[in-house]
Amino acid sequence: MKKRYTAISAIALLLALAIAAPMAISPWARADGATEQDPFIAALAAANAELKAGGAGPVFDAFLAMLPEDEGSYLIEGDLAMSKAEVFDWVTRYAEGGASIVANPEAKVNVLVDGSLDLYPQDKRHLRYGIDAASFTPERYNEMVQLMAAAASAWEAGCTGCGLDFEHDMSLDAAAVAPENGFIVRFRDAGGKFIARAFFPHQLGEERVLTVDPVFYKPTGYEKTGVLTHELGHVLGLRHEHIAGVPGCKTEHGTWIEVTPYDPKSVMHYFCGGGGGKVMKLSDFDRDGITKAYTTVAGLPGG
């Protein structure tokens, strides 16, 4: 992994801390076994029916009101931020229990509304990131430099022949918005709505932020590098491992392509349903899945 050292601007972005009511500290620890009778699932299905019948209306708005909000984005599946338009697309593509476009159990790559795979093309796999120095204390900034380097290196080493190259570009440490193909790592108090949240490859501009909440620094038992490795999996286009309704895990929705067998040891698996864990590392199936996705994408549906 390359790392570029440049002078940090003396004028850094000042990050205002969000104020939120106390709530469950993290979806990572949840194992609520949501069923299709869950009010959220019922509202999602009703919103989907309304969109198919003619467009967004009060039912879709009621569904939006159920979603946690964070800085103008809606939180989906615990740690993914989406705009209203992206939620519209997500709800439009809703299928009961989710939908796969191939009959194979796992390593799930996100699929966009137009059917294309949500992956970086060959010429856009050099991913520069900044660490918002103004949002961290000096000690936590230095720690985050090391944590991100370890998490990024895990995916680089795990994706054989993919050409993935994460670079900490310190010239972006004071950037308000990431450049194309870049992203910002930022500390912000989101009121415990998540430990960390990320984005998918197709998202742009202000959406390309990997945010860590104060819960990240609390003694929850979750290994910090593992949390960031999980979030970088989303940055690379991966969905959650348990997405298809593993008993004991909350059912998730959308459309994806599956490229490896189900793996309860995956770094993309929440700690639920007998899978996942608090020390999160890439499994052999994670390495195989990301490598297949990025080296054989032309041969996959949507590629």
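Just name the residue that is modelled with the lowest pLDDT out of those in the range 200-221 that are among the charged types (D, E, K, R) and assigned to a loop (DSSP other than H, G, I, E, B).
Restricting to residues being among the charged types (D, E, K, R) and assigned to a loop (DSSP other than H, G, I, E, B), the top hit is Lys218.
Scan the range 149-165 for residues that are touching a helix residue (DSSP H, G or I) at 6+ places or on another chain (Cβ under 6 Å) and either more than 16 Å from Thr291 (Cβ to Cβ) or assigned to a loop (DSSP other than H, G, I, E, B) (or both) and the total you get is 7.
Considering only the range 129-145, I want to know if a residue exists there that is among the aliphatic types (A, V, I, L, M), assigned to a helix (DSSP H, G or I), loosely packed, with under 14 Cβ neighbours inside 10 Å and modelled with pLDDT of 95 or more.
Checking the range 129-145: not a single residue is among the aliphatic types (A, V, I, L, M), assigned to a helix (DSSP H, G or I), loosely packed, with under 14 Cβ neighbours inside 10 Å and modelled with pLDDT of 95 or more.
I'm checking my understanding of the structure. Among residues of the range 214-234 that are among the charged types (D, E, K, R) and open to solvent by 10 Å² or more (accessible area, probe 1.4 Å), which one is nearest to His202 (Cα to Cα)? Among those that are among the charged types (D, E, K, R) and open to solvent by 10 Å² or more (accessible area, probe 1.4 Å), it is Lys224.
Rundown of residues vs (1) out of contact with any Gly (no Cβ under 8 Å at 6 or more places or on another chain); (2) within 21 Å of Ser283 (Cα to Cα); (3) surrounded by fewer than 22 Cβ atoms within 10 Å (Cβ to Cβ); (4) free of Cβ contacts under 8 Å to residues at least 60 places away in the same chain, yes/no style:
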site	(1), (2), (3), (4)
Trp155	no, yes, no, no
Thr160	yes, yes, yes, no
Val185	no, no, no, yes
Lys193	yes, no, no, no
His202	yes, no, yes, no
Arg208	no, no, no, yes
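Total residues in the range 162-175 satisfying the condition of being surrounded by 14 or more Cβ atoms within 10 Å (Cβ to Cβ) and either out of contact with any Ser or Thr (no Cβ under 7 Å at 6 or more places or on another chain) or under 14 Å from Leu228 (Cα atoms) (or both): the figure is 9.
Listed by first and then second residue, the pairs linking a residue in the range 63-74 that is crowded, with 19+ Cβ neighbours inside 10 Å to a residue that is of a type in the set (Gly, Ala, Ser) and at pLDDT 75 or above, with Cβ atoms under 6 Å apart and 6 or more places separating them unless they lie on different chains, are Phe63/Ala43; Phe63/Ala47; Asp70/Ala190.
Restricting to the range 54-79, name every residue that is in contact with an Asp or Glu (Cβ under 6 Å, 6 or more places away or on another chain) and at pLDDT below 80. Full working, then the answer.
Here is the first cut: in the range 54-79, the ones in contact with an Asp or Glu (Cβ under 6 Å, 6 or more places away or on another chain) are 57, 59-60, 77.
Glu77 - this is the single residue of the range 54-79 that is in contact with an Asp or Glu (Cβ under 6 Å, 6 or more places away or on another chain) and at pLDDT below 80.
Glu206 - would you say it is of a type outside the set (A, V, I, L, M, F, W, C) and within 18 Å of Arg125 (Cα to Cα)? No.
Quick grid of which residues meet (1) acidic (Asp, Glu); (2) open to solvent by 20 Å² or more (accessible area, probe 1.4 Å); (3) at pLDDT 60 or above; (4) in a helix (DSSP H, G or I):
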{"site": "Glu241", "(1), (2), (3), (4)": "yes, no, yes, no"}
{"site": "Ala244", "(1), (2), (3), (4)": "no, yes, yes, no"}
{"site": "Gly248", "(1), (2), (3), (4)": "no, yes, no, no"}
{"site": "Trp256", "(1), (2), (3), (4)": "no, no, yes, no"}
{"site": "Asp263", "(1), (2), (3), (4)": "yes, no, yes, no"}
{"site": "Tyr270", "(1), (2), (3), (4)": "no, no, yes, no"}
{"site": "Asp288", "(1), (2), (3), (4)": "yes, yes, yes, yes"}
{"site": "Lys292", "(1), (2), (3), (4)": "no, yes, yes, yes"}
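Looking for something more than 28 Å from Val111 (Cα to Cα) and assigned to a strand (DSSP E or B) - is there at least one such residue anywhere in the range 178-199? Checked the range 178-199: at least one residue is more than 28 Å from Val111 (Cα to Cα) and assigned to a strand (DSSP E or B).
Among the residues making up the range 213-244, those that are aliphatic (A, V, I, L, M) and more than 19 Å from Ser153 (Cα to Cα) are Val215, Ile243, Ala244.
The values are calculated or read from the model by the stated rules, or taken from the named source; none is laboratory data. Remember, it's a predicted structure, so these values are computed and weren't measured experimentally. Ideal geometry is used to build each Cβ from the backbone, glycine not excepted, and the neighbour counts take in all protein chains shown. Side chains included, ligands, DNA and RNA excluded: accessible areas come from the protein's heavy atoms. Shrake-Rupley method; radii C 1.70, N 1.55, O 1.52, S 1.80 Å.
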